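The structure appears right after this line, and notes come after that.
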Amino acid sequence: MSQTQTFYDMIRRQGVTRRSFAKFCGLTAASLGLAPAYAQQISHALETRPRTPVVWMHGLECTCCTESFIRSAHPLVKDVVLSMLSLDYDDTIMAAAGHQAEEILQETLENHHGEYILAVEGNPPLNEDGMYCIDGGRPFVEKLQEMAEGAKAIIAWGSCASWGCVQAAKPNPTNATPIDRVIRGKPIIKVPGCPPIPEVMTAVVTYILTFDRLPELDRQGRPKMFYSQRIHDKCYRRPHFDAGQFVEQWDDENARKGYCLYKMGCRGPTTYNACSTIRWNEGVSFPIQSGHNCIGCSEDNFWDAGPFYERLQNINAFGVEANADKIGAATAGIVGGSIALHAALSAVKRARKSPAEDTKQKETENA
Amino acid sequence: MSRLVVGPFNRVEGDLEVRLTFDGYTVSEAHVVSPMFRGFETILLDRAPEDALAIAPRICGICSVSQSVAAATALAKMAHVIPPMNGQFSTQLTLACENLSDHLTHFYLFFMPDFTNAVYENKPWHEELHKRFRIPDGTSRLKAMEARAKFLHVTGIIAGKWPHTLAIQPGGTTLELDQGARIRLMRAIEGYRNFLERDCLGLPLEAFSEINSIDALRDELNTKAPSSDLALLLKVFDDLDLWSAGPGADQFISFGAYPINGEKTLRQGVWDAGEIKPVDTGAIIEDISHAKYPSMPTSPAESHSDADPEKADAYSWCKAPRYKGRTAEVGAYARQLIDGAPLIKELHSRTGSSVAGRILARWVETARIVPLMEIWAHSLQRNENYLSEYAPIEQGEGIGLVEAARGALGHWMRVENGLISNYQIIAPTTWNFSPRDANGVAGPLETALVGAKKLEGEKSPVSVQHIVRSFDPCMVCTAH
Ligand code: SF4
Ligand code: SF4
C-alpha cells in the first residue's frame, strides 16, 4: 500500500482509460445532481489528492448492503469506485484471509490514523457483553470502536448500521444497536435502506472521497441529496392516488391497471428514499413498480411498523373516481406532512373498526 | 500436535471461524464455529403471518428470495392457496435467477481468487489465473460481474428489487408483466446464456448438460473451448487433485427444486449410499448438544431459539441438523446427484463429493436450468392472473421446503389466533457446517477438513480455504 498514490493512479493502473475516467467524472457529477462544470473539479481532485483508504467492516447483518453495492448500475462507475476503494479490509470480497486480514486492519489503523474512512455494514449486539457477534475472537463492538477511533469519518451503510433494522425488531433478542450509539465524537453519515440503493452507495462514497468531506446531511444524518423526498413525492402511481384510484386486492382489475397501492398498506407517503427516482437493478424497477407496496425499509423502526399487509378496507373520502376533485383537494392537504397523514389515516381506521379493535390498534400504535 | 484458528474467514457470506488441530502438517480435527446470532425465530413470533414475508428474507442478503419462497410456501400451505400458472412461473424464474447468480458470485468472487494466491506462483497456470481472477480487476471477474448485473434484471423486472424482494406472495407474484416486460425478461436470460456459452463454459448449454463423464468433458473442452474459464479450472483441479479434496458425507438431501403444477423440476430425495429414498420431514431433527442453546425439543416443528451464550461444551450458534440420526450434505451437488445429472453421477461413482465435484455441480446445474428459465418465460400468458387471493390465516401449521443455491432450506411455521406462534428455519449451511452432535459425530465440513494439508509457514492454509469455500457457505443463514 503506497501512501502517496492518488486515486487517479489507482484507477489508471487498473486499466481504466483516460477517456473513461473523464466520462466517469461526468457521470458522477450528474448522479450527485451537480452542474456539468463540477466534472472538472472532480477530475482535478482525483488526480491530485492522495487516495483515502476505506475500511469496510461487518457486524450483525445479512450482507445485503455488499450485495447491493457490488451490483451498482453503470459498469464504469462500479469499476472505478471499486478500484478507488481497493477495499483495504472487507471480509466478504477481499483477497486476504484470517491473520492476513487482521494485519491489514492493524496496518491501516496505525499507518493511516485519522485519514481513513470507516464503512460499517451491520451493527453491534450489546447483550451478554457482545457475545452474539464475535469477530476475530473478540466482540465486534470492541473492534468497531477501535477502528472508529482512528477514522476520519464513518459511513453507516443500510438500515442496520443506521437504525438497527430487523435484528433489532421486538424483542431485540441480542440488543442490536445502531452504530451512532456506540461511537462518539466522529462524523457519521447514515445511508439507510434495506439494502440502500446501489447508486446511492456509490455516489456517497465518491462524493466523500472526491471532495474529502461529507455531503450535506439532514437532521437525522442522511445525505440530503438522496433522502429529502418521499417515495410518494415522485411515485409514478401518484396520479392514481390523487384521482382516488386504488388497488383493493392483489389480483383485482385495479392492480392490473397499476393504480395506487395506498390501501394495500403502502408506506411511500412517509418514507424518505430515492427508490421512485433512481429505482433498482440498473433503473429497471422498484417495489411499487412490481405491484407491491413500499414497506418503508429505509425508515427508523420500519421493522416493528407491521402488520405490513393490513389493508385499509375503505377510505371514506377516497376510492370513488367520481369524487376525484374532492379527493385531490383532500390529499393535497394530507401529504403536506406525514404527521397529518398519520392522523388522517388513523381517523379513517377508527371509523371503520369496532371499538374493541380500535383499542387493540391503539395498543400496537403505542407499543 | 498443533492448533490453528482461521478466522474471520473472508470471501464467505457472513462470519466464520474454523479451529484446526494438526498432526504434523495434516488436519486431524476441525471445529467449525458460527460466531453470530440475531434471534430471527424469536423476532418472528406474535406477528401477523404475512409479515414473515418482510422479515424472514432479511435473514440473508444473498439468498433472500429463497427465504421469501420458503415463507410464502409455508403460508400457502396454511392458506390452501395455489398460485395461478403465471405466478408459479414468475416465482420460479425469480428463484432460479437468484440461485444461478449465487453460483456465479461464488465462483468468480469467492472461490477462484484463491488460485491467484502467491503460494501457487510457480504453477504453470498461475499467471493466466491471476490475470483472470485477481481481486479486484481480473478480466473474467469483471465480465462475470457485468453478466450478473444484467442477469439480475430478471428479478428486477418481476420483483422490483433485489435483494429483499417483496413481490413473492403465497398466492403468486404481485406484478402482471406486460409484453415489454416479457421481452426484456427473455433478453436478460438470453444475455446470460451468451455469457455462459462464450466466456464461462465455452460450450452450448444443452451440449454441456449431456456430457456424461469427466473424460468426455476434458475432450470436449480441449477440442472446442480450450480457453474458457471452465477449461482452465479443470487444469487446476487435475494439477492440485481437488477431485479427492474435502470428501463429503455419504448421505445427501435435496428437497426438490422449481415445482410447477405440483411437480418438482429437480427431484426430491435422500441419497443414502447409492439408493434414492423419499424425504421424510419427520426424520429431521436439530441436535443442540454443542450449540449455544438451552435444551429444547429437537423437532423443528416444536423447537425454539432462546439463546444460552455461556453454555459449556457449546462452540457454535449453528444447531446440528441430522436426518435419521446422521449428517447429510446439501447443495447443488446433492441436487444434481439426486436428480441424476449424468456428469455428476459418473463423478460420484469415482470420487464421491469433493471440492471439484461441488464446483462442477454448480455449472452443470446452471447449464440445465437456464434453458428451463427460457421455457418458463415463454410460458407466461397474457391477460391471465399472477396471483390468487385467499382468506386470512387464523391458524395452521405449514412447512415450506425449497432449494436455495446452497441447498435444502426449510421453514416450519405455526399460526394461532392469527399470529405466528412458532417459527423455525433450517438453512443449507446449517446442515453442511453443523457442529458435533450428542454422539460426538462431526458435521460435514468438520469431517471434510480432516486430512487437509498445510504448507510450511501457512497461517490460513490454502487447502483449507478450497474445502471451506467449495461448500459456498452462507453464514448469515446458518445461525439466524
Ligand atoms: S401511496 Fe404508494 S403507491 Fe400510492 S402514490 Fe404514494 S407511494 Fe405511490
Ligand atoms: S420502495 Fe420502500 S420498501 Fe421498497 S426499497 Fe424503497 S424504501 Fe424500501
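Table for the structure above
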item	result
Proximal lysine pairs, the stretch A:7-226, alpha carbons under 25 Å, eight or more residues apart or interchain	14
Three-way shape label, chain B, alpha-carbon gyration tensor, a/c 1.5	oblate
30 Å Cα cut-off, lysine pairs counted over the stretch B:132-281 (separation 8 or more, or different chains)	10
Listed peptides A:114-125, B:160-171 by packing density, highest first (mean Cβ within 10 Å)	B:160-171, A:114-125
Number of partner chain Cβ atoms within 10 Å, mean per residue of B:42-55	5
Cα gyration tensor category, rounded, prolate or oblate, for the stretch A:127-217 with a/c compared to 1.5	oblate
Helix-only CD estimate at 222 nm, as mean residue ellipticity for chain B, using -39500 (n - 2.57) per DSSP H run (n ≥ 4)	-11500 deg cm²/dmol
Shielding score for A:164-172, defined as the mean number of other chain Cβ atoms within 10 Å	5
Highest average packing first - B:55-68, B:301-314, A:137-150, Cβ atoms within 10 Å	B:55-68, A:137-150, B:301-314
Ordering of B:363-373, B:397-407, A:219-229 by packing [mean C-beta count within 10 Å, highest first]	B:397-407, B:363-373, A:219-229
Global geometry of the stretch B:67-182, whether rounded, prolate or oblate, following the gyration tensor of its Cα atoms and the 1.5 cut on a/c	prolate
Most positive-pole-ward Cα, A:160, B:212, A:245, against dipole of the protein assembly as shown from beta carbon charges	A:245
Mean separation of Cα contacts under 8 Å, 6 or more apart, over the residue count of chain B: relative contact order %	25 percent
Summed residue charge, Cβ within 13 Å of residue A:228's Cβ, Lys/Arg positive, Asp/Glu negative	+2
Candidate lysines for bridging to residue B:311, where Cα separation is under 23 Å - those fewer than 8 sequence places away on the same chain excluded	B:292, B:319
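We did not get these values from a lab; they are worked out from the coordinates using the rules stated. What you see is a predicted model, and the numbers here were worked out from it, not measured in a lab. So basically every Cβ, Gly included, is an ideal-geometry build from the backbone, and we count neighbours across all protein chains shown.
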